[in-house]
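Notes for the one structure printed next.
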Amino acid sequence: MTQASKRATDRQPPVIVWLRDALRLADNRALNAAAETGQPVLAIYVHDDASPGVRPLGGASRWWLHHSLAALGRDLAEAGAPLKILRGPAGRIVPELAQQIGATAVFWSRRYGGSERAVDTAIKNSLGELGIGAHSFNDFLLAEPWEVTTRSGDPFKVFTPFWRALRERGDPAPPLPKPRKLTTAHVSLPVSLGTATLDSLDLLPTRPDWAGGLRETWTPGEQGARDRLTHLIRSRLDGYAANRDRPDLAGTSCLSPHLHFGEIGIREVWHRVVRAAADRKVPHEDAQKFLSELAWREFSNHLLFHNPDLATRNFQPRFDAFPWVSNRRRVRAWQRGKTGYPIVDAGMRELWHTGWMHNRVRMIAASFLIKHLLTDWRTGEAWFWDTLVDADAANNAASWQWVAGSGADAAPYFRIFNPVLQGRKFDPEGDYVRRWVPEIAKLPAAHIHAPWDAPPSVLASAKLELGRDYPERIVDLDEGRAGALAAFQTIKGA
DNA sequence: TTTTGAGTTGTTCGA
DNA sequence: GTCGAACAACTCAAA
């Protein structure tokens, strides 16, 4: 750029790109549109823990957000538009900031939760009154939730027809490249707008620092996300349909936290998988299976958009009368991985250590909490919200309701996972359990999923005494199952 | 409007 | 050990 044209750019009024759930540079339509104005770009992140109704982030999400923002800040600085961090109610901060720096427009990627949409609508109105442009984009979903409807124009409530309708729309638009150049907006931000630094947001745990397991498991940020996708396509997609159910094999994509924070765009994921299948680098069936998993994420957002209180209210109102049981001792045993059922405990400890749990094990652990312990699904939803790095308002709520049977297209009441059978089926050698429940690691595969049935000689040679080295079962499986069936009887036909 | 086929992920029981 | 049926009836989506 010549000196003259640089001065010309400096004289131009800036635009703002407000980054929220699309913490990346590539395939970011909001960022791209801001760049294409040719005006200087001010990139901001607003840490909003003040707007009413916006659910506070869980601990694991806060850890991820810190590192994701750090990575985004580095990438943006390199691209020429350093990230500014602000703290406070977005509804006040964004319009005031735009007005004070003389911005002509604000760009952002859409969000789909009820309170988030309320905030965004209010801001759009405020900006409109100030004569400032407000431009929002879809950077999170394959299709907008309102674009996929039944023939009669209603939202879908069953996955399969939803997926069919989504598929009939064809491939999403190809992903956009990173903006070629961004011009820095040289503005000074008044402290009254809540200027902050990443560290001052206090997102990281300190006393105690429990994030060691997260650090060794994850690389937040756009590069880490793209590496995961590459690894998926090169190494995990072949055989994905079968292996994804095996917690001992690491057969899942592990993209969920990256997708949640928008470190990689859904359009890029879709197109790279489709292309790999077209080039016969991965089997068609495996690629289709993976795409259908993306469609579940899509379906969850569809449900959340049309049911903003999905995380707190039974989708099926008859569940309002369900006789949930409160038992803090048992819930605590579940949370800490001390139920006495190895596959459940392994999953809950994996979650505690890494901020993530294998999908199959999530179902087993959730089914156990809901059906064997008769705990209200919202208790489990809240625990996952706090401990998962991929905690997502749509996926978390829809999935818990699915297991409970209270959701859309939910599991039938009689589907009660037996943790012993599930363990034997999906962790046949017991390797997953051995990794996370080391105190029973010496048990042979034949007994590792049901230590209480092991003969005394086997327990002795594994140096294992139940009740001392590993908890006794907190509930009997047959009684738990019978209790669940009886409880579900009470709301039948309600 | 009415009808019809279908609906992610399981377990148990009895032949 | 294997296999099919039962476990409820209901709601959804589309013809």
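The values are calculated or read from the model by the stated rules, or taken from the named source; none is laboratory data. The structure displayed is predicted, hence computed values, not measured ones. Note that each Cβ is placed from the backbone with ideal geometry, even for glycine, and that neighbours are counted across all protein chains shown.
Taking segment A:473-490, which residues are surrounded by 11 or more Cβ atoms within 10 Å (Cβ to Cβ) and in contact with a Pro (Cβ under 8 Å, 6 or more places away or on another chain)?
Taking segment A:473-490 first, the residues surrounded by 11 or more Cβ atoms within 10 Å (Cβ to Cβ) are A:473-477, A:480-488.
Matches in segment A:473-490: A:LEU477, A:ALA487.
Return the residues of segment A:424-438 that are within 25 Å of the chain's Cα centre (by Cα) and either assigned to a helix (DSSP H, G or I) or within 12 Å of DNA strand C (Cβ to nearest atom) (or both); say none if nothing qualifies.
Taking segment A:424-438 first, the residues within 25 Å of the chain's Cα centre (by Cα) are A:426-427, A:432-433, A:435-436.
A:PHE426, A:TYR432, A:VAL433, A:ARG435, A:TRP436 - these are the residues of segment A:424-438 that are within 25 Å of the chain's Cα centre (by Cα) and either assigned to a helix (DSSP H, G or I) or within 12 Å of DNA strand C (Cβ to nearest atom) (or both).
I'd like to check something: does segment A:171-184 contain any residue that is within 16 Å of DNA strand C (Cβ to nearest atom), under 29 Å from A:ALA397 (Cβ atoms), of a type outside the set (Gly, Ala, Ser) and surrounded by fewer than 18 Cβ atoms within 10 Å (Cβ to Cβ)? Break it down stepwise before answering.
First pass over segment A:171-184, keeping only residues within 16 Å of DNA strand C (Cβ to nearest atom): none.
No.
Of the residues in segment A:356-379, not one is assigned to a helix (DSSP H, G or I), more than 16 Å from DNA strand C (Cβ to nearest atom) and in contact with a Leu (Cβ under 6 Å, 6 or more places away or on another chain).
Here segment A:185-204 is the region considered, the condition is being at pLDDT 95 or above and in a loop (DSSP other than H, G, I, E, B), and the residue that is surrounded by the fewest Cβ atoms within 10 Å (Cβ to Cβ) is A:THR197.
Is it fair to say A:LYS281 is of a type outside the set (S, T, N, Q) and touching a residue at least 60 places away in the same chain (Cβ under 8 Å)? Step through it out loud before you land on a result.
Values: of a type outside the set (S, T, N, Q): yes; touching a residue at least 60 places away in the same chain (Cβ under 8 Å): no.
Criteria not met by A:LYS281.
If you check A:SER136, A:SER115, which single one turns out to be more than 22 Å from A:PRO190 (Cα to Cα), within 20 Å of the chain's Cα centre (by Cα) and among the hydroxyl-bearing types (Ser, Thr, Tyr)? Spell out the reasoning first.
Numbers: A:SER136 fails: within 20 Å of the chain's Cα centre (by Cα).
None of the others qualify; the one that does is A:SER115.
For A:LEU182, state whether it is over 20 Å from the mean Cα position of the chain (by Cα), of a type in the set (A, V, I, L, M) and not in a helix (DSSP H, G or I). Working first, answer last.
Details: over 20 Å from the mean Cα position of the chain (by Cα): yes; of a type in the set (A, V, I, L, M): yes; not in a helix (DSSP H, G or I): yes.
Criteria met by A:LEU182.
Is there a residue in segment A:328-339 that is within 16 Å of DNA strand B (Cβ to nearest atom) and touching a residue at least 12 places away in the same chain (Cβ under 8 Å)? Yes: segment A:328-339 contains one or more residues that are within 16 Å of DNA strand B (Cβ to nearest atom) and touching a residue at least 12 places away in the same chain (Cβ under 8 Å).
Note on segment A:449-484: residues that are among the aliphatic types (A, V, I, L, M), touching a helix residue (DSSP H, G or I) at 6+ places or on another chain (Cβ under 9 Å) and within 22 Å of A:LEU373 (Cα to Cα) total 6. Looking across segment A:388-410, the residues that are in contact (Cβ under 8 Å) with a residue 12 or more places away in the chain, within 12 Å of DNA strand B (Cβ to nearest atom) and either in a helix (DSSP H, G or I) or in contact with a Gly (Cβ under 7 Å, 6 or more places away or on another chain) (or both) come down to A:ASN395, A:ALA398, A:SER399, A:TRP400, A:GLN401, A:VAL403, A:ALA404. Being within 16 Å of DNA strand C (Cβ to nearest atom), in the same structural domain as A:TYR341 (by TED's automatic domain parsing) and modelled with pLDDT of 95 or more is a description that does not apply to A:ALA460.
Being more than 23 Å from A:THR354 (Cα to Cα), free of Cβ contacts under 8 Å to residues at least 12 places away in the same chain, surrounded by fewer than 19 Cβ atoms within 10 Å (Cβ to Cβ) and not polar (S, T, N, Q) is the filter here, so list the residues in segment A:434-472 that pass it. A:ALA446, A:ASP453, A:PRO455, A:PRO456, A:ALA460, A:GLU465, A:GLY467, A:ARG468 - these are the residues of segment A:434-472 that are more than 23 Å from A:THR354 (Cα to Cα), free of Cβ contacts under 8 Å to residues at least 12 places away in the same chain, surrounded by fewer than 19 Cβ atoms within 10 Å (Cβ to Cβ) and not polar (S, T, N, Q). Selection within segment A:340-355: residues that are outside any helix (DSSP H, G or I) and away from DNA strand B (no atom under 12 Å from the Cβ). The member of this set that is surrounded by the fewest Cβ atoms within 10 Å (Cβ to Cβ) is A:GLY340.
If you take just the strands (runs of 3 or more DSSP E) that sit entirely in segment A:57-147, which of them hold at least 1 residues that are buried (at least 19 other Cβ atoms within 10 Å of the Cβ), β-branched (Val, Ile, Thr) and touching an Asp or Glu at 6+ places or on another chain (Cβ under 9 Å)?
Working: elements: A:83-87, A:105-109, A:133-137.
The strands (runs of 3 or more DSSP E) meeting that bar number zero.
Quick check on A:ARG473: is it among the basic types (Lys, Arg), over 34 Å from the mean Cα position of the chain (by Cα) and either within 15 Å of DNA strand B (Cβ to nearest atom) or in a loop (DSSP other than H, G, I, E, B) (or both)? So A:ARG473 fails the test.
State whether one or more residues within segment A:464-487 are among the basic types (Lys, Arg), at pLDDT below 95 and at negative phi. Looking through segment A:464-487, at least one residue is among the basic types (Lys, Arg), at pLDDT below 95 and at negative phi.
Any idea which of A:GLY265, A:GLY337 is away from DNA strand C (no atom under 16 Å from the Cβ), buried (at least 21 other Cβ atoms within 10 Å of the Cβ) and closer than 30 Å to A:GLU472 by Cα? Before the answer, list the steps.
Details: A:GLY265 fails: closer than 30 Å to A:GLU472 by Cα.
Testing whether each residue is away from DNA strand C (no atom under 16 Å from the Cβ), buried (at least 21 other Cβ atoms within 10 Å of the Cβ) and closer than 30 Å to A:GLU472 by Cα leaves just A:GLY337.
State the number of residues belonging to segment A:258-312 that are of a type in the set (S, T, N, Q) and part of a loop (DSSP other than H, G, I, E, B). So the answer is 2.
Applying a threshold of 9 Å to beta carbon distances and a minimum spacing of six or more residues, or different chains, the list of pairs starting in segment A:421-433 at a residue that is assigned by TED's automatic domain parsing to the domain that holds A:ARG362 and within 9 Å of A:ARG246 (Cβ to Cβ) and ending at one that is acidic (Asp, Glu) and part of a loop (DSSP other than H, G, I, E, B) reads A:PHE426/A:ASP245; A:PHE426/A:ASP248; A:ASP427/A:ASP248; A:PRO428/A:ASP248; A:TYR432/A:ASP248.
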